[in-house]
1. With the alpha-carbon atoms as the only input, what is the per residue convex hull volume for the chain in Å³?
2. Sorted from fewest to most neighbouring beta carbons within 10 Å, what does the list V300, V130 look like?
3. Neighbouring Cβ atoms within 10 Å as the yardstick, rank M253, M236, M337 fewest first.
4. Give the dimensionless ratio obtained when the Cα radius of gyration of segment 14-73 is divided by 2.2 N^0.38 Å.
5. Extending each Cα 7 Å along its Cβ direction at Y133 and Q53, get the distance between those two points in nm, one decimal.
6. Give, as a single signed number, the net charge of other residues whose beta carbon lies under 14 Å from the beta carbon of Q247, with Lys and Arg counted +1 and Asp and Glu -1.
7. How about segment 89-150: which GluC sites (Glu not before Pro) there are in a DSSP loop, with at most 15 other Cβ atoms within 10 Å of their Cβ?
8. Report the label-to-label distance for A13 and I164 in nanometres (one decimal), using points 7 Å from each Cα along the Cα→Cβ vector.
Amino acid sequence: MVQSKKKIYSAIAILIVTAIIATLAGMNFHAKRDFKEDIVAGKGVTSTFQLSQYNPNLAGTVGDVTVYVLKGEKEGGSMLVLGGTHPNEPAGHMAAILLEENAKVDAGTIYVITNANNSGFTHNDALEGVPQYIHFTTSSGDTRTFSYGSRATNPIDQWPDPDIYTHSSGQTLSGSETRNLNRCYPGIADGTISERVTYAITTMIQTLDIDMEIDLHESSPEYAVNNATVAHERAMSIASEGVLNLQLDGIQMSLEPSPANLHGLSHRELGDFTDTYALLMETGNPSQGRLRGRTNENLVLTGEDPCYAVAYKLGLLYVDYSAGDLPIQLRVGRHLMGITEYINAFNDNSDKKISVSGIPTYDQMVSSNVGDWLL
Ligand SMILES: [Zn+2]
C-alpha cells in the first residue's frame, strides 16, 4: 500500500515537471512564431506591394511577404534580390535588408524580398542548438533584432511531409525537401505554402519582365559549392564578367553552371520558366557547418570557431579561413559587392541600364559593423 502511494506521488511529480517543461517550451515556441522583425523601408524605397499580388492563394498566409521596390526616375533594367530563402543563412537575409535600407536607384528598378521563406523564420531546426535571434546595434544606439530561422518551412504551415517529394518535373527527393523553398520552383499556384511562394515569385518575374534575379545564400565552409556564384546558362556571360571583377576586387569567387537536371532550384527554374538571368550566390558560414562547436549568436556573428581553424589547417575547407573567423559583415559584404558587380556586368551586356548608388562596398563592410548600415 505504502509502495503504491509512493508510485502515485512520483508519477504526479513527473507529470507536473513535464507540464512545466512543456509550458515553457510552448511559450518559447509561440513567441518565436509570433515574432515580427522590425524591417523598415529605406529612403530609396519608392513603393511596396505584397507577394500575393502574384498569387492570390498566398493572401493571409505567413508567406505573403512585402516586396520592396526601389524605382529610379529614369527607365532602365530591373533586378530582383531574394534574401531569406534559407532562414538559417543570415548573411543573405541581412544583405537584402541592407540593400533596401541603403540603396538609391536612379535608373531602372530593384525589387527586394528580404524573407523569401517567411515561414522558415518562425522556427528553428530541431536538435541543432542554434540561437533563435540575432541582434545588431545601430549607429544611433538602437538594438535591432532579427530572426535566425530554419532551412525549411515551418511544419505548422506545411504538414505532413510525404515519404518522397515528387517535384513537378518528376524528380524525386527526400520527403523533407518539400519544405525547402529552393527545391520548389517554379511553384504551383494552389500547392503547398512553399510552392505557392515560389509560384508567386516566378509569376512576378514573368509579369514584371524582371531582367536579372539573385538568390542570396550561405553554406557550410566544408561544402564544395562555396564562395561561388551558380548561374543559369543564359546568365553565363554576365556571371563570368561579374566573377572576374569580384576577383579583381580581391574577393574569392568561383563560377558554377546550374546543373540542367537538378530541378526546383531558383537558378534552374527561374532561368527556364522566365526570361530572367538567374544567379545564386553562396558564402561560407561556420555556424551552419557540421564541424562547428558551440553554436550561439556569437558564432553566427563572428564565424569564429576553433574546430574550423583545425579543419582549415587540414585542407578540408573550400573557403579562406586563415584569419580564423568569417564575420557576418564580411559575408554580407561579399553579397552586396556581388550585387554591385553583377549589376555592372548586366549594364555592359544589355541595352537597358540599372544605375544605383548607396550600396555598401565590400571594403566598407569589412571595416564596419552590420548595425552601422541599419536604420
Ligand atoms: Zn541556402
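Read the figures in this text as sums done on the coordinates, not as results from a lab. Keep in mind it's a predicted model, so treat the numbers as computed, not measured. Neighbour counts are summed over all protein chains in view; Cβ atoms, including those assigned to glycine, are modelled from backbone coordinates with ideal geometry.
1. It is 161 Å³ per residue.
2. On the way: V300 22, V130 19.
The most exposed by this proxy come first: V130, V300.
3. Details: M253 22, M236 14, M337 26.
If I rank by nearby Cβ atoms, fewest first, I get M236, M253, M337.
4. Numbers: Rg = 19.0 Å, N = 60, 2.2 N^0.38 = 10.4 Å.
Dividing the Cα Rg of segment 14-73 by 2.2 N^0.38 Å gives 1.83.
5. The modelled label-to-label distance comes out at 3.1 nm.
6. Numbers: positive: R334; negative: E241, D249, D320, E341.
So the surrounding residues net to -3.
7. Working: sites: E100, E101, E128; in loops: E128.
Passing sites in segment 89-150 are E128.
8. Simple spin-label model gives 5.1 nm for this pair.
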